[in-house]
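The values are calculated or read from the model by the stated rules, or taken from the named source; none is laboratory data. Because the structure is predicted, anything quoted here is derived from the model rather than measured. Positions of Cβ are backbone-derived with ideal geometry, glycine not excepted, and every protein chain shown enters the neighbour counts. Note: accessible area is taken over every heavy atom of the protein model, side chains too, but ligands, DNA and RNA are not part of it. Shrake-Rupley method; radii C 1.70, N 1.55, O 1.52, S 1.80 Å.
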Amino acid sequence: MTTIEKTTPRYQGKRNRLDKPELLAPAGNLEKLKFAIHYGADAVYIGGQKYGLRSNADNFSFEEMKEGVEFANRYGAKVFVATNIYAHNEDVEGLEDYLRALEEAGISAIIAADPAIIETAQRVAPKLEVHLSTQQSTLNWQAVQFWKDEGLPRVVLARETSFKDIAEIKKHVDIEIEAFIHGAMCSSFSGRCVLSNHFTDRDSNRGGCCQSCRWKYDLFVDDMPMYSEDEDKFSMGSKDLCMIEYLPELIEVGVDSFKIEGRMKSIHYVATVVNVYRQAIDAYFADPEHFELKREWVEEINKAANRPLNTGFFLDTPGAEDHIYEPEEKAAPYDFAGVVLDYDAKTGFATVQQRNHFKLGQEIEFVGPGGTFFKQTITEITDADGSALEAARHPLQHIRIRTLKPVKTMDMMRKKIVKK
């Protein structure tokens, strides 16, 4: 009888890493990558033009990946690539070349769910770390141990994981744990929904999700509609996750990477959310015993919120009150209005690229990394040639605004929403 010896796991223990949890941000394109890192992300995750679950995002060419990696390196940050589809036979062709190209571009890690993609990456691109995607719905320490034994240094836990689950996993397995701490939640198990497939022939698990859970539906009883034409339709979208109030608990339970959802979200959303969590993490590590949640952090989060917020599965299983069944009111009191391109200290004028209509007399605020911000009323606008304007009406127009205080390149400008 032949004796089969148990092989030594390919990955042992934790690596040298940051002295605090990694702040991991989404980046749907190169501009978002730069803003996420500039506003404090330790790492960003992006999508290439194959094998990712956000086929409708701009996504990155290899040339853009290289530029993104070069930018990240200047800040000491890393770039990860989502290759988290469940591959069909026709998806496998070209996979080896794709993974080698990611390695050559300087990508630090891929985020994968399909065992075929994981094994192929380990074989043909050994410099690429492989992080297990949340699409694998990993919820228990035995499963985490399995993936560690398969050579993976990090597991992105299922969104349904609780504080209690994480504590149990960290008790048994010495491995890096990544968890979502902010952003949209899936109404189904992540990676298991097929509503989009049935309704639109777009495969959720190969990047085509049409977000069927966010649609408005008629409900019928015995062929009779429950809603009249003037009533709001039924939807079943979940509220968004926000764990800013539980930052100490996330740190103390042992989460190694704090992940923000939203590769399809705006520059304003990504930069604002990253900015807040960066400040909170740094404040905690500066003085853990006296850490307090600042009201302005919560206010900032709300300025970028797309939906009502809750704590997901961390504290308890969400109930009916954690879903959205009626039309949502826009939570954010401000809209993204522009990006600072330059500032002239002699004249006190900032050159701003317009991202949303604004006009004279409107209340605005400027915000930058580290929570620096101030409010003012727009008193003077000119075009690039110095001609006076009453409003900035044209998308991406370069205009000049007199500011009350100095601003910096890549600071953001918001305008206050006036409800009618």
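Largest first, the extents of the alpha carbon coordinates of the chain on the three principal axes equal 90, 63, 50 Å.
Using the heavy atoms of the protein chains and a 1.4 angstrom probe, tell me the accessible area per residue for the chain in square angstrom. Display every interim value, and only then the final one.
On the way: 20800 Å² over 420 residues.
Per residue, the chain has 50 Å² of solvent-accessible surface.
Ranking Thr83, Phe71, Asn59 by Cα position along the charge dipole of the range 55-100, where only Lys, Arg, Asp and Glu carry charges on their C-beta atoms, puts Phe71 farthest toward the positive end.
Take the Cα of Val92, step 7 Å toward its Cβ, do the same at Thr317, and the gap between the two points is 3.8 nm. The charge dipole of the chain, taken about its Cα centre with unit charges on the Cβ atoms of Lys, Arg (+1), Asp and Glu (-1) only, comes to about 1100 debye.
What pairs in Lys50/Lys265; Lys294/Lys415; Lys20/Lys375; Lys66/Lys265; Lys127/Lys259; Lys265/Lys416 have C-alpha atoms more than 27 Å from each other? Don't skip to the end; give the middle numbers.
On the way: Lys50/Lys265 20 Å; Lys294/Lys415 23 Å; Lys20/Lys375 32 Å; Lys66/Lys265 22 Å; Lys127/Lys259 23 Å; Lys265/Lys416 20 Å.
Among Lys50/Lys265; Lys294/Lys415; Lys20/Lys375; Lys66/Lys265; Lys127/Lys259; Lys265/Lys416, the Cα-Cα distance tops 27 Å for Lys20/Lys375.
Using the rule -39500 (n - 2.57) for each DSSP H run of four or more residues, divided by the residues of the chain, the 222 nm mean residue ellipticity is -7500 deg cm²/dmol. For the range 124-168 versus the range 347-386, the inter-centroid distance based on Cα atoms is 45 Å.
Rounded to the nearest 10 degrees, the angle from helix 62-75 to the longest Cα principal axis of the chain is 80 degrees.
Taking label points 7 Å from Cα along the Cα-to-Cβ direction, His394 and Asp174 give a separation of 6.2 nm.
For the range 22-169, what is Rg from Cα atoms divided by 2.2 N^0.38 Å, rounded to two decimals? Let's see the in-between values first.
Working: Rg = 15.0 Å, N = 148, 2.2 N^0.38 = 14.7 Å.
Normalised Rg, Cα atoms only: 1.02.
Gain in length, Ser387 to Asp218, computed as 0.36 nm per residue apart minus the alpha-carbon separation, to one decimal in nm? Show your work: numbers first, answer last.
Values: separation 169, 0.36 × 169 = 60.84 nm, distance 5.30 nm.
Between Ser387 and Asp218, full extension yields 55.5 nm more.
The distance linking the range 235-267 with the range 59-111 is 24 Å (Cα centroid to Cα centroid, whole angstrom). The C-alpha atoms of the chain define a longest principal axis, and helix 95-104 lies at about 60 degrees to it.
With the charge dipole of the chain set up from +1 on Lys and Arg Cβ and -1 on Asp and Glu Cβ about the Cα centre, the Cα lying farthest toward the positive end among the listed residues Phe189, Ala36, Leu360 is that of Leu360. Taking 0.36 nm per residue of sequence separation and removing the Cα-Cα distance, the Glu296/Gln211 pair yields an extension gain of 27.4 nm. The Rg/Rh ratio for the range 104-251 is 1.08, where Rg is the radius of gyration of the alpha carbons and Rh is the Kirkwood radius.
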